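Only one structure is covered here, and it is reproduced in the block below.
The values are calculated or read from the model by the stated rules, or taken from the named source; none is laboratory data. The shown structure was predicted, so the numbers you read here are calculated from the model rather than taken from an experiment. Cβ placement follows ideal geometry from the backbone for every residue including glycine, while neighbour counts extend to all protein chains displayed.
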Amino acid sequence: MSDQPEQPSGQFQPLEPDATPAQPDVRYGAPAPRRKRNRVVIGLSVLAGVLAIALVVVIGLLVVGPGGTPAADSTRTPSATATAGSSPAPTATDTAETPAAPVRPTECTQLFPAGYIESLTADGFLELNPAWSQPLLSESFGSNDEALVALLTPTDRLTCDLTKASGAGEVFILTNVAQVEGDVQAAAEARMSEAGFTCSEETGGTMCFTERADPSGNTVGERHFLRDGTWVATRWANVAITGWTQTIVSTLFPA
């Protein structure tokens, strides 16, 4: 049997005008039914266009989301970049855990409430930083302990001397308010403990106290408060002023 297709014999018989073949004529050389194929192609093209539009709409909804808002992406890591100039609102926890910054007075009168110093100097016997004492303030320290004085010497400090208005004598109360680094604060606390001061935790810091009679019979003492890099160092002689250091601490660290 030959592999060559059978050649048509005779002439083709035209189809009747209204005749529709039950199946496509696949005979070699048979004319293609053009009109029917055009309908099929057009129909498929329209269907493909509709499907393409539907696909675009579905993708748009998945990306943007209904209502024009971006759809949630459970696998996306939220961006940590903040809008320029914006800052997160403090939470109640942040506020509670952040201690208030200490007040930094630049004058001795700012360490005390109104009228406090006036009540101590009303009779004219004592005066806060009288003119005669001012040249000595830079070398005046709230301790007689050599190790503590060595720690206080290089500090940035405010010195307040409530002393005799008439001149030097063994009646005074002198305070340094110094700013210190953490290692200096730790060294001062260690030295006071070693020197026999009575120390306790108070007002969020450490309060240390000592009092004695010197060889001349004067009653002398020291009281120190250390907290968060602030050192209130006070020494006195023959003066009984209750609450001096505590008043200063309340000003520096308001509740």
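Kindly indicate whether any position in segment 166-175 is part of a helix (DSSP H, G or I) and polar (S, T, N, Q). For segment 166-175, residues part of a helix (DSSP H, G or I) and polar (S, T, N, Q): absent. Of everything listed in (1) closer than 22 Å to Phe253 by Cβ; (2) surrounded by 12 or more Cβ atoms within 10 Å (Cβ to Cβ), the single unmet condition for Ala150 is (1).
If you go through segment 176-211 and keep only what is part of a loop (DSSP other than H, G, I, E, B) and charged (D, E, K, R), you end up with just Glu181. Of the listed requirements (1) in contact (Cβ under 8 Å) with a residue 12 or more places away in the chain; (2) over 35 Å from the mean Cα position of the chain (by Cα); (3) more than 23 Å from Cys108 (Cβ to Cβ), Arg212 misses just one: (1). Filtered by the rule that a residue be surrounded by 19 or more Cβ atoms within 10 Å (Cβ to Cβ) and acidic (Asp, Glu), segment 199-253 gives a lone residue, Glu222. Screening Thr242 with (1) within 19 Å of Pro105 (Cα to Cα); (2) modelled with pLDDT under 95; (3) of a type in the set (Val, Ile, Thr) gives one miss only, at (1). Among residues of segment 167-198 being out of contact with any strand residue (DSSP E or B) (no Cβ under 9 Å at 6 or more places or on another chain) and within 18 Å of Trp132 (Cβ to Cβ), the one that is surrounded by the most Cβ atoms within 10 Å (Cβ to Cβ) is Ala168.
For Glu189, the conditions (1) of a type in the set (Asp, Glu); (2) farther than 23 Å from Gly243 by Cβ; (3) in contact with a Cys (Cβ under 9 Å, 6 or more places away or on another chain) all hold with the exception of (2).
Figure legend. Inter-residue proximity from segment 185-197: first residues closer than 12 Å to His224 by Cβ, second residues small (Gly, Ala, Ser) and part of a loop (DSSP other than H, G, I, E, B), beta-carbon distance below 9 Å, spacing 6+ or different chains. Indicated pairs: Gln185/Gly229. Can you find a residue that is modelled with pLDDT under 90 and out of contact with any Phe, Trp or Tyr (no Cβ under 7 Å at 6 or more places or on another chain) anywhere in segment 147-168? Scanning segment 147-168, I find at least one residue that is modelled with pLDDT under 90 and out of contact with any Phe, Trp or Tyr (no Cβ under 7 Å at 6 or more places or on another chain), so the answer is yes.
Listed by first and then second residue, the pairs linking a residue in segment 147-171 that is within 20 Å of Cys108 (Cβ to Cβ) to a residue that is among the basic types (Lys, Arg) and part of a strand (DSSP E or B), with Cβ atoms under 6 Å apart and 6 or more places separating them unless they lie on different chains, are Val171/Lys164.
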